[in-house]
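Participant: Right, I'll just put the structure down here and ask away after.
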Amino acid sequence: MKDMIERLASKFNIKDINEHKSNQVFFTAEKIDIEGVILYLKEFEKYDQLTMISCVDYIEDGKFQLTYLLRNYDLNNDACIRVYIDRENPTMTSINELWAAARVYERELKEMFGIDFPGCPRVDDPFVLEGWDTIPPMRKDFDTKKYSEETYFPREGRTKKDPTEQMAEKMYPVEEEVKKSITKVFRDNSK
């Protein structure tokens, strides 16, 4: 793992290198280098599977962190590449030419976070949220409670019923006076 990192660092500006396990390394690359880093890992280091692309919203810093998880099955290793992009103009290079699976992740990230991936096929088509017309729901500034209150009708909360009264009501639908006496009989017999 250390040899791979040294080879990679000789070609690209990588930093914040952290080995979580003996077979998993995290590091940060520059946005401008991401396509080259991923291509190098795929072609020369045999990281032949894109396992996922994830996102974290650092609203306080005005950034999104994208993490690309690549897998080398021959060595049983994972390379996790972090890259930070501007939250106000979230655009990232698409890697769909390297892995077709990237299309799914990129479409999802576009819909859920608003990150654009120019060149990704159908990136602007609805993925899950057909007809969505407000800010992307996974951004930290999306107000879930406000959205729910404005979108869905209010309803009463749950009510709790005395099981004895409910049973009397279901089994013997009668007037209120009779209900009281039936409930009393159920209670007396259950003691």
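The values are calculated or read from the model by the stated rules, or taken from the named source; none is laboratory data. These numbers were taken from a predicted model, which means no experiment stands behind them. Counting neighbours? That spans all protein chains shown, and the Cβs are built from the backbone with ideal geometry, glycine included.
Participant: Which of the residues that make up the range 31-47 are within 23 Å of the chain's Cα centre (by Cα) and either surrounded by fewer than 17 Cβ atoms within 10 Å (Cβ to Cβ) or assigned to a loop (DSSP other than H, G, I, E, B) (or both)? Walk me through it before giving the result.
Facilitator: Start the filter on the range 31-47 by keeping residues that are within 23 Å of the chain's Cα centre (by Cα), which leaves 31, 34-35, 38.
Listed by number, the residues that qualify are K31, E35.
Participant: List pairs: first in the range 113-125 and farther than 24 Å from I59 by Cβ, second part of a loop (DSSP other than H, G, I, E, B), Cβ under 6 Å, 6+ apart or cross-chain?
Facilitator: Partner pairs satisfying both residue conditions: G119/S94; C120/S94; C120/N96.
Participant: Need pairs with beta-carbon distance below 8 Å; first residue under 14 Å from N76 (Cα atoms) and within the range 1-24, second of a type in the set (D, E); sequence gap 6+ or separate chains.
Facilitator: Close Cβ pairs (under 8 Å, with a partner that is of a type in the set (D, E)) amount to M1/E19; M4/E45; N23/D78; Q24/D78.
Participant: I need the full set of residues from the range 63-92 which are surrounded by fewer than 19 Cβ atoms within 10 Å (Cβ to Cβ), outside any strand (DSSP E or B) and at negative phi, in order please.
Facilitator: Across the range 63-92, the qualifying residues are Y73, D74, L75, E88, N89.
Participant: Residues being surrounded by 10 or more Cβ atoms within 10 Å (Cβ to Cβ), among the hydrophobic types (A, V, I, L, M, F, W, C) and either at pLDDT below 95 or within 29 Å of L98 (Cβ to Cβ) (or both): count how many of those fall in the range 136-160.
Facilitator: Number of matching residues: 1.
Participant: If I go through the range 111-146 residue by residue, how many of them are among the charged types (D, E, K, R), in contact with a Phe, Trp or Tyr (Cβ under 9 Å, 6 or more places away or on another chain) and outside any loop (DSSP other than H, G, I, E, B)? Before you say what the answer is, go through the steps one by one.
Facilitator: Restricting attention to the range 111-146, the residues satisfying the condition of being among the charged types (D, E, K, R) are 111, 116, 122, 124-125, 130, 133, 139-141, 143, 145-146.
Applying the additional criterion that residues be in contact with a Phe, Trp or Tyr (Cβ under 9 Å, 6 or more places away or on another chain) yields 111, 139-140.
With the extra rule that they be outside any loop (DSSP other than H, G, I, E, B), the set shrinks to 111.
The qualifying residues number 1.
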